[in-house]
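The values are calculated or read from the model by the stated rules, or taken from the named source; none is laboratory data. These numbers were taken from a predicted model, which means no experiment stands behind them. For neighbour counting, all protein chains shown are included, and Cβ atoms are generated from backbone atoms with ideal geometry for every residue, glycine included. The protein model used for the area step is the full one, side chains on, heavy atoms only, and it has no ligands, DNA or RNA in it. Shrake-Rupley method; radii C 1.70, N 1.55, O 1.52, S 1.80 Å.
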Amino acid sequence: MDNNGYDGSHHSYECLIAAGAWRQLKLPSGKAFDLLNAFSRQQRDWLFGHFGYELRTETEQLERKLPDPIGFPDLHFFVPEHLLLVGNDQVLISSHSTDPRQLFQQVLSMPATAREPRVPAQLMPRLTKMEYLERVNAIKAHIHRGDCYEVNFCQEFYAGDVKLDAAAVFQELCEVSPNPFAVYYKTDDRYLLCASPERYLRIQDGVIWSQPIKGTAPRDSQDPVHDQQLARSLQESVKERSENVMVVDLVRNDLSRICKEGTVTVEELFGVYSYPQVHQMISTVKGELSEGQNWVDAVRATFPMGSMTGAPKKKVMEIIEHYETTGRGIFSGAVGYVDPRGNADFNVVIRSLMYNSLNGYLSYQVGSGITWYADPEKEYEECLLKAAAIKKVLAH
């Protein structure tokens, strides 16, 4: 997981590589957080893994109805057999089963593999454009009735019987769309190829940060002046600011559950950051964990993240379950790591391909925040914009 942040003081490594599961925990939603807490206390080691979106059935007592053809476990964490930490012009290596020097020589001697030619994958939308527009209008009707303020509504694109060289596709995805919280993640026969720009939670020495993204604008690589105008328009957009501030309020409320009173503050509001495909509006919320609270408690109190749900959280997740067609699974969940001292960093799983190599099912999901100001046509175009890098990689 590439761990570059928006502020240099928030990261220590450029890249972390964890291979093999020395010890592991795979659980369905139910008592997953309690068992993870116990597992973490027993190991006191590096842990890597993920939280799937369906843990919402545990944190918010909601029903699960939609199918999930990819099939990642709801929760999976493992102590890596081998660990490589890359940063500050050095590589740190540890292993539970191999002499680190021998492991380093094995890595250096690995031959470079040529990329195999592959058949372009054609992913089909689960919803037609008309069905998408109708559902956005139905969600806006909920907002008009006062059921909610904002809903993150997602749609799926999928293909079956796909043969995929997952590592090669991930490498291409990072070349087309390098992002600070990218991750290549495999468990059993499930693959996540993630080019995420968003941090969910970072915990360092008792201080916690969350950096929700709400607000997207296209880039113009051909015209720098126009590109700056696009960024400025995003910065000044009433609609995008309203989305962003709603999520910031939700994050502040979530963090207040596990932070010392009076410590939850907004470090940055409406910051605009530029990536190869898009400009993004990012805010940073910070707090100090209360005594006795750890990284598992922090996730339990804030999951699923507000940027991928909406407000109020429980109600909008009921609406999401009604209008979406496919279970999110690991999408809009989080992947990350925890060090032996309990410091942690997790991304938001967006801009991602999910692949089940057993059945050849390949999928990506994209969404946007629906508010009263939302124009359904523009929301549809925003979804396509967010998927542009993935479509480009799959097209050749």
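Entry note, the chain: the mean residue ellipticity at 222 nm calculated from DSSP H runs of n ≥ 4, each adding -39500 (n - 2.57), is -9500 deg cm²/dmol after division by the residues and rounding to the nearest 500. Farthest toward the dipole's positive end in the chain, which of VAL183, GLY333, ILE208, given Cβ charges of +1 (Lys, Arg) and -1 (Asp, Glu) about the Cα centre? Result: GLY333. Once you order the gyration tensor axes a ≥ b ≥ c over the Cα atoms, which shape class does the stretch 161-318 get: rounded for a/c under 1.5, otherwise prolate or oblate by comparing a/b with b/c? It is oblate, given that a/c is not under 1.5 and a/b is not larger than b/c.
Over every pair of different alpha-carbon atoms in the stretch 256-300, take the mean of 1/r and invert it; report that Kirkwood radius in Å. List each step's numbers first, then the result.
Values: mean 1/r = 0.0812 Å⁻¹.
Taking every pair of different Cα atoms in the stretch 256-300, averaging 1/r and inverting gives 12.3 Å.
Note on GLU377 and HIS322: their simple-model spin labels are 2.7 nm apart, each label 7 Å out from Cα toward Cβ. Note on the stretch 102-261: with charges restricted to the Cβ of Lys and Arg (+1) and Asp and Glu (-1), its dipole about the Cα centre is near 240 debye. Pairwise Cα separations in the stretch 255-396 fall into 10 Å bins from 0 onward with the following percentages, short to long: 9, 31, 36, 20, 4, 0.
Taken over the C-alpha atoms, the stretch 287-370 has Rg and Dmax values of 15.4, 47 angstrom.
Over 30 Å between Cα atoms, which of LYS313/LYS386; LYS163/LYS239; LYS286/LYS391; LYS314/LYS392; LYS31/LYS392; LYS260/LYS314 qualify?
Details: LYS313/LYS386 23 Å; LYS163/LYS239 41 Å; LYS286/LYS391 35 Å; LYS314/LYS392 35 Å; LYS31/LYS392 40 Å; LYS260/LYS314 24 Å.
Long pairs (Cα-Cα over 30 Å): LYS163/LYS239; LYS286/LYS391; LYS314/LYS392; LYS31/LYS392.
What does the C-alpha gyration tensor say about the overall shape of the stretch 34-150? Classify as rounded when a/c is under 1.5, otherwise prolate if a/b is larger than b/c, or oblate. It is oblate, given that a/c is not under 1.5 and a/b is not larger than b/c. With semi-axes defined as the square roots of five times the eigenvalues of the C-alpha gyration tensor, the equivalent ellipsoid of the stretch 101-246 measures 35, 23, 19 Å, largest first.
Per Stokes-Einstein, at 25 °C and 0.890 mPa s, what whole-number D in µm² s⁻¹ belongs to the chain, with the Kirkwood radius over Cα pairs as the hydrodynamic radius? It would help to have the intermediate numbers written out before the result.
Details: Rh = 21.5 Å.
Here the translational diffusion coefficient equals 114 µm²/s.
With R₀ set to 45 Å, the beta-carbon distance separating ARG101 from ARG232 gives a calculated FRET efficiency near 0.30. Along the Cα-to-C-beta direction of GLU81, a point sits 7 Å from the Cα; which residues of the stretch 40-59 have their amide N less than 16 Å from that point? Inside the label zone: 48.
Residues of the stretch 263-290 with an amide N closer than 16 Å to a point placed 7 Å from the Cα of VAL176 along the Cα-to-Cβ direction: 276-278. Spacing of the modelled spin labels on GLN122 and GLN222, each 7 Å from Cα toward Cβ, amounts to 2.7 nm.
If I take R0 = 51 Å and measure r between the Cβ atoms of GLU267 and ASP161 in this structure, what FRET efficiency does the formula 1/(1 + (r/R0)^6) give, to the nearest 0.05?
Computed FRET efficiency for GLU267 and ASP161: 0.60.
Determine, from the Cβ-Cβ distance of GLN42 and LEU108 and an R0 of 41 Å, the FRET efficiency 1/(1 + (r/R0)^6), rounded to the nearest 0.05.
0.75
Once you order the gyration tensor axes a ≥ b ≥ c over the Cα atoms, which shape class does the stretch 180-220 get: rounded for a/c under 1.5, otherwise prolate or oblate by comparing a/b with b/c?
Working: a/c = 3.07, a/b = 1.08, b/c = 2.85.
In terms of gyration-tensor shape, oblate.
Surface exposure of the chain, expressed per residue as accessible area with a 1.4 Å probe, stands at 43 Å². Projecting the Cα atoms of ALA195, ILE370, MET130 onto the charge dipole of the chain (Cβ charges, centred on the Cα centre) puts MET130 farthest toward the positive pole.
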